[in-house]
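Some notes on the structure that comes next.
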Amino acid sequence: MLRKTKFFIDGKWVAPDVAKELEVINPADEQPFAVISLGSAADVDKAVEAAQRAFPSWSTTSRKERLALLEKLLAAYNRRMRDMANAISAEMGAPMKLALESQAACGAGHIKSFIEVLQKFEFEEALDEKNPGERIVREPIGVCGLITPWNWPMNQVTLKVVPALAAGCTVVLKPSEIAPMSSIVFAEMMEEAGFPAGVFNMVNGDGPSVGEAMSRHPGIDMMSFTGSTRAGIAVTKAASETVKRVTLELGGKSPNIVFADVDLVDAVTRGLAHCFENTGQSCNAPTRMLVERPVYDKAVDIAAKYTATVKVGDPSEDGDHIGPLVSEMQFDKVQGLIEAGMKEGARVVAGGIGRPEGFNRGYFVRPTVFADVNNEMRIAREEVFGPVLAMIPFETEEEAIAIANDTPYGLSAYVQSADKARAQRVARKLRAGMVQINGTDRPYGSPFGGYKQSGLGREGGKWGLEDFLEVKAISGFEEGLG
């Protein structure tokens with residue numbers, strides 16, 4: 001069994017202040033495969049002190065120096081891509097193809113994207129042509145506390161750590177204690193790249209101990225959190241005592257509007273594939289499929305037949321199957337919501353409660369499709385975070401928009417229509433931070449984030465860098481004097 005019980009603080013791997021170990025469970029067989037330590041407020045204090053000591057020097061480094069270190073990080077990451085994929089697959093159950101080609105690969109993609117952003121980002125500029133003496137300067141905010149989730153671990157770690165460092169901030173990272181192994185590999189990459197001591201620090205732990213201590217810490221200038229809306233609220237409340245900046249990337253209940261004029265097989269199967277990807281454990285998954293009434297019954301039939309072909313399998317094996325949910329708690333939650341959908345009168349056309357055939361252990365669930373859902377049902381309002389789709393009929397464009405927006409969330413939305421003008425018209429009316437039309441992909445560098453209870457701020461690209469910067473206005477500035 002792997003033993004990774006040390007934290008990375010001030011450029012060194014150090015033992016926790018108080019020994020408190022936690023087994024990391026492989027969700028495919030429910031067996032422990034690694035041991036980590038759970039940190040405490042004392043460990044957070046040490047990490048923050050190291051980050052504070054490093055900040056004056058790191059914040060004044062040149063663009064060239066930061067770029068050189070980020071390039072080294074990218075090289076180290078690419079060399080250890082397979083190690084990263086193995087860690088992700090073991091800790092959260094991603095099948096190897098997904099773990100390597102999507103989960104691990106997106107980390108390298110984000111590092112490369114932020115290098116490109118940093119190369120051309122304007123940290124200083126005149127207010128406008130009429131006021132050349134009014135200098136607008138963007139400076140690093142300071143020490144940043146970063147809390148990342150288990151579902152896309154490297155996506156979120158790189159979306160936070162890399163822009164923070166590019167901006168000139170120093171950081172304390174707390175990865176999810178459920179899936180910490182990938183972040184330990186990442187910390188080893190940071191060490192290999194040679195970042196100065198204290199610039200990057202990592203403390204493992206749970207939310208009530210380490211997360212709470214970080215959020216309340218007077219030495220942390222900003223908190224960036226990704227996870228559930230409930231936990232995001234807790235971080236915000238704790239951070240408010242020291243009036244620190246908070247950015248949040250939270251839950252979603254994303255609508256996928258399917259109009260009757262599309263290639264229905266293509267639109268429905270594409271939506272299901274996206275919904276089931278990562279075993280449904282994605283905050284931007286299109287989990288509500290809104291289908292125009294004339295083709296609704298046909299769409300339900302297509303969905304049922306497609307879902308029957310979706311394979312569930314061992315995450316250690318390669319292939320296009322989906323793996324288990326991440327934990328027993330998540331398994332129980334998804335089972336409970338499937339039961340709730342059935343009790344509320346939704347019609348199960350594929351899947352249902354229980355494990356798939358052939359599985360008697362592991363947190364595997366049956367890919368499930370509900371038809372005849374209305375937007376008041378729990379499965380239409382709550383984030384299931386499993387491979388569960390709710391299909392809802394609509395009559396008119398206006399009704400589709402109303403149903404889509406009738407949610408406390410506003411992260412992503414999807415529109416499928418052969419009428420491109422209509423698709424764009426609908427996209428503008430959807431209260432979501434991201435809208436994808438007819439299956440288009442989102443490129444690296446596009447802002448990721450949402451409206452309403454889906455969060456605050458944006459990650460990725462120049463927007464992700466700006467989140468970690470303060471804006472200073474200097475009046476009476478003369479070029480070339482300092």
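How high is the relative contact order of region 258-377? Use alpha-carbon pairs under 8 Å, at least six apart in sequence, and give a whole percent.
Dividing the mean separation by the residue count of region 258-377 yields 23 percent.
What nm distance separates the two modelled labels at GLU398 and ASP332, each placed 7 Å from Cα along Cα→Cβ?
Each label point is offset 7 Å from its Cα along the Cβ direction, giving 4.7 nm.
With the dipole of region 114-199 worked out from charges on the C-beta (+1 for Lys and Arg, -1 for Asp and Glu) around the Cα centre, which of PHE123, SER183, ASN151 lies farthest toward the positive end?
After comparing all options, I get ASN151.
List the chymotrypsin sites (Phe, Trp or Tyr not before Pro) in region 241-331 that DSSP assigns to loop (not H, G, I, E or B) and whose Cβ has at most 15 other Cβ atoms within 10 Å. Which are they?
Counting only loop positions with at most 15 other Cβ atoms within 10 Å, none of the chymotrypsin sites (Phe, Trp or Tyr not before Pro) in region 241-331 qualifies.
Once R0 is set to 35 Å, what does the formula 1/(1 + (r/R0)^6) return for the Cβ-Cβ distance between PHE123 and ALA42, expressed as a FRET efficiency to the nearest 0.05?
Once the sixth-power term is evaluated, E becomes 0.45.
Counting only C-alpha contacts under 8 Å and six or more residues apart, can you give the relative contact order of the chain as a whole percent?
After rounding, I find 19 percent.
Considering only PHE370, ILE36, ALA340, whose Cα is most displaced toward the positive end of the charge dipole of the chain, charges sitting on Cβ of Lys, Arg (+1) and Asp, Glu (-1)?
The Cα lying farthest towards the positive end belongs to ILE36.
Name the long-range amide H neighbours of MET289: under 5 Å, sequence gap of 5 or more, or other chain; modelled H, no Pro or chain starts.
Those lying under 5 Å, H to H, from MET289 are ASN256, ALA390, MET391, ILE392.
About the Cα centre of region 255-437, what is the dipole size in debye to 20, counting +1 per Lys and Arg Cβ and -1 per Asp and Glu Cβ, all else neutral?
Around 220 debye, computed over region 255-437.
Hey, for a label at ARG82 modelled as a point 7 Å past Cα toward Cβ, could you say which residues of region 95-129 have their backbone N under 17 Å away?
What the label zone holds, given the 17 Å backbone N cut-off, is 96-102, 104-105.
With the cut-off at 1.5 for a/c, could you classify the chain from its C-alpha gyration tensor as rounded, prolate or oblate?
Oblate, since a/c reaches 1.5 and b/c is not below a/b.
What is the gain in length, in nm to one decimal, between SER62 and TRP13 on full extension, counting 0.36 nm per residue of separation less the C-alpha to C-alpha distance?
Value of the extension gain: 14.9 nm.
Treating only the Cβ of Lys, Arg, Asp and Glu as charged (+1, +1, -1, -1), what charge dipole size does the chain show about its Cα centre? Round to the nearest 20 debye.
For this selection, approximately 100 debye.
Taking the highest mean first, how do the peptides 427-438, 121-132, 98-109, 140-151 order by number of other beta carbon atoms within 10 angstrom per residue?
Result, highest mean Cβ count within 10 Å first: 140-151, 98-109, 427-438, 121-132.
If you place +1 on the Cβ of every Lys and Arg, -1 on the Cβ of every Asp and Glu, and leave all else neutral, what size is the dipole of region 1-152 about its Cα centre, to the nearest 20 Debye?
My answer is approximately 540 debye.
What spacing in nm lies between the two simple spin-label points modelled at ASP266 and GLU317, each 7 Å away from Cα in the Cβ direction?
Those two pseudo-labels are separated by 3.2 nm.
Let me understand region 255-437 better: what is its radius of gyration from the alpha carbons, and its Dmax, in angstrom?
Looking at region 255-437, its Cα Rg and Dmax stand at 15.7, 50 Å.
List the trypsin sites (Lys or Arg not before Pro) within region 293-377 that DSSP assigns to loop and that have no more than 16 neighbouring Cβ atoms inside 10 Å.
LYS311, ARG361
Rule-based calculations on the coordinates, nothing more; no lab input. No experiment lies behind these values; they were computed from the predicted model shown. Heads up, the Cβs are rebuilt from the backbone with ideal geometry, glycines too, and the neighbour counts pull from every protein chain shown.
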